[in-house]
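Trainee: Dropping a structure here in structure tokens format, bear with me for questions.
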Amino acid sequence: MLKNKKASIFIFILILINIILILWYVVFNNVTVINNNIDIWKNAEEVFKNVQQKWDINIQTDLKYNWNWNGFEDFISCPTNVTMSWTTNKSTWLVTEMNYSFWSYYCLWDYNGKEFRIFFDKTTHDFNRAYYDWDVVDLVINNWTTKWSNIAPLSNVSATPYKGTHKLSYAYDNVVNNKYYKSNKVEDSFIKFDLWSDRALDSIDFYKRKTHSRRLSRFDTADIIFYNSSNVVLNTATLVWMRDETTFRHKDLKNLWLWNSVRYIEIKDNSWNKQYLNFKEVEIFESSGGWWGKNREWEREFNDSDSTLISFDETWTVWWDDFDDNFNSDDYKVTSTWSIYYPWWFQDDDVIPRLTIFGDVRDSNTYQNIFWSNYETNAFVEKNTNNNDGLNLKIWDITDANLYLDFFSDAENIKFDLKLYEFDRAAYEDENTLLLKNSYKIDDLTMNSWFLQMYNWELWLSTTRTANTMSFDFKNKDYALFVINKLPSNLSYRITWETTTWTGLYINPLDDSWTWTIESLSNHMIIWDEKNFIWEQFVIVWNK
């Protein structure tokens, strides 16, 4: 009987132990699941925040590059009647061509085997310097021809805003210490200047009033109507996409055949939504001596051994060439306004945000995703009609792309690790799955700018292209780049791709081809382990 009792107690203890083990297993696994869920939630939150940061950088960069000048301005063209004379030779009717290099705009041609350049002033409205045989001189205007030496703003200018025959508000701004002229936001609103007598005009400067902290001032489109003393219309000009500062120069007014008879100047809004006109200041310059109908003649002698003299007048430079004078037309296209291509394959800076991916990486012990291409991002690039420019290509079917990376930081020296993942295209396209095919990494990098190389299946860097420069196949593969920033401060990056023949690639999934909005497809990825990833990708729409 005692033996049976002991056996029963032993069996009961075994049952209790099993129950305890089962309960411990269930509780432990539930805690593990909860902890894993918390980790996944935290990582998902981090992914979402990084996606937000990326689309914000994308959209703000696109806006910045398309709001960083005055829009389309076509005031200059290169002279085609240049005369170069020296002690033993004289050449006439030399033809120059527009050129652009390192944010400098100039007219270029070759004379006696040496390069000759004519430069414009900072507003790109007039000529100011010339270069020849390592000598730079300031161009001067022949005063006998045009007598421009005493040009000054007219001091006796009055301005009255009108709506039809009714006067509107007129105010002074003591903060900027200048008058400003503002018409009401109504139909038929305009500003009219009375010059008090008939004038010969040299130029008119329009300075827009700032209306937004991020954007220098709002675009305006206006008609400029010129009257004589009898209020008869002499001619009308149009300011298109006017913002910040716009100038009507001597040659622009000369083309209007105004001669010496301008008494009134009326600025009238002609935009479709009838916005009010808002000027910080309007300056009107008078031509002295009644020589307005003449052509300006530019000349200067160089300090070379032959005392070469350059001269040309505005006879053949008064006509527009349809190029935006600062190669920055702010219309989201690679071309000048109205799809006019710049000479020598120059490109408008408006397209830089679509050719480049910008971003920042904070200091971290884990890899941070800086680029991820997949079927959807490539399709997004493909659908942007602004990318169909004939100068750059889209990554949709490119099989020979080379990666160029720029890293920069406030720190004196940079240091980071780089990892590259290659994913199966079909798995993502058909099953929405990230199937890793290959991975490569390189540690403790200190180079700022480089092409990515691959040799014997190992990554390395080079400041120039070599036979081992890595070729990316965007047609058949998806790629993701990751960086560990080993600095105590942020590490900024700039990513671009080119084909092996140096053609630029549209790589950033932005669609700015819509009239009023910009779309950005942004994504981010976290490495959970070498076979599992947490990622998010979605589209944000923003107003232009």
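Trainee: What ³J(HN,Hα) values, in whole Hz, does the Karplus curve 6.51 cos²θ - 1.76 cosθ + 1.60 give for region 535-544 when θ = phi - 60°, with x put for Gly and Pro?
Mentor: My calculation for region 535-544 gives 8, 8, 8, 7, 9, 10, 10, 9, 6, 6 Hz in order.
Trainee: Can you list the residues, at least 5 places off or on another chain, whose amide H is less than 5 Å from the amide H of Phe371, using H built in the peptide plane?
Mentor: Those lying under 5 Å, H to H, from Phe371 are Leu481.
Trainee: Sticking with this structure for a sec: Measuring from label point to label point, each 7 Å out along Cα→Cβ, what is the Gln52 to Val541 span in nm?
Mentor: Placing both labels 7 Å along Cα→Cβ, they lie 2.1 nm apart.
Trainee: For each pair in Lys64/Lys383; Lys192/Lys544; Lys54/Lys475; Lys49/Lys419; Lys383/Lys531, compute the distance between the two Cα atoms and list the pairs where it is over 29 Å. Before the final figure, lay out the partial values.
Mentor: On the way: Lys64/Lys383 22 Å; Lys192/Lys544 32 Å; Lys54/Lys475 24 Å; Lys49/Lys419 22 Å; Lys383/Lys531 32 Å.
Violating the 29 Å limit, Cα to Cα: Lys192/Lys544; Lys383/Lys531.
Trainee: For a quick check: with amide H placed at 1.01 Å from N, whose amide H comes under 5 Å from Asn235's, ignoring anything fewer than 5 positions away on the same chain?
Mentor: Phe226
Trainee: To continue, here is another question. Suppose the chain between Ser462 and Leu234 were pulled fully straight at 0.36 nm per residue; how much longer would it get relative to their current alpha carbon spacing? Walk me through the numbers on the way to the answer.
Mentor: Numbers: separation 228, 0.36 × 228 = 82.08 nm, distance 6.40 nm.
That pair, Ser462 and Leu234, stretches by 75.7 nm at full extension.
Trainee: Further question on the same structure: Can you work out the base-10 log of I(q)/I(0) for region 298-397 at q = 0.13, 0.16 1/Å, using the Debye formula on its C-alpha atoms alone?
Mentor: Taking Cα atoms of region 298-397 as identical point scatterers yields -0.70, -0.86.
Trainee: OK, next. Given H placed on each backbone N at 1.01 Å, which residues far from Arg263 in sequence or on other chains put an amide H within less than 5 Å of it?
Mentor: Arg199, Tyr227, Asn228, Ser229
Trainee: Could you look at region 306-382 and say what percent of its accessible area is carbon and sulfur, using a 1.4 Å probe and all protein chains? Spell out each step's value before the answer.
Mentor: Details: 1700 of 2960 Å².
Using a 1.4 Å probe with all protein chains present, region 306-382 comes out at 57 percent carbon and sulfur.
Trainee: Got a number for carbon plus sulfur as a percent of region 397-438's accessible area, 1.4 Å probe? Intermediate results must be reported in sequence, preceding the final value.
Mentor: Numbers: 720 of 1990 Å².
Here carbon and sulfur together make up 36 percent of the probe-accessible area.
Trainee: Would you mind getting the accessible area per residue of region 341-399, heavy atoms of the protein chains only, 1.4 Å probe, in Å²? Don't jump to the answer; show the numbers that get you there.
Mentor: Working: 2450 Å² over 59 residues.
I get 41 Å² per residue for this part.
Trainee: Using only C-alpha positions, report the orientation-averaged shadow area of the convex hull of region 391-465, nm², one decimal.
Mentor: Details: hull surface 29.2 nm².
For the Cα atoms of region 391-465, the hull's average projected area reads 7.3 nm².
Trainee: Semi-axes of the equivalent ellipsoid of region 422-544: what are they in whole Å, largest first, if each equals the square root of 5 times a C-alpha gyration tensor eigenvalue?
Mentor: Details: eigenvalues 134, 84, 63 Å².
Semi-axis lengths for region 422-544 are 26, 20, 18 Å.
The values are calculated or read from the model by the stated rules, or taken from the named source; none is laboratory data. Being a predicted model, the structure only gives us computed values, none of them experimental. Because the Cβ atoms are built from the backbone with ideal geometry, glycine has one as well, and the counts that use them run over all protein chains shown. Remember, those area values only see protein heavy atoms, side chains included, never the ligands or the DNA or RNA. Shrake-Rupley method; radii C 1.70, N 1.55, O 1.52, S 1.80 Å.
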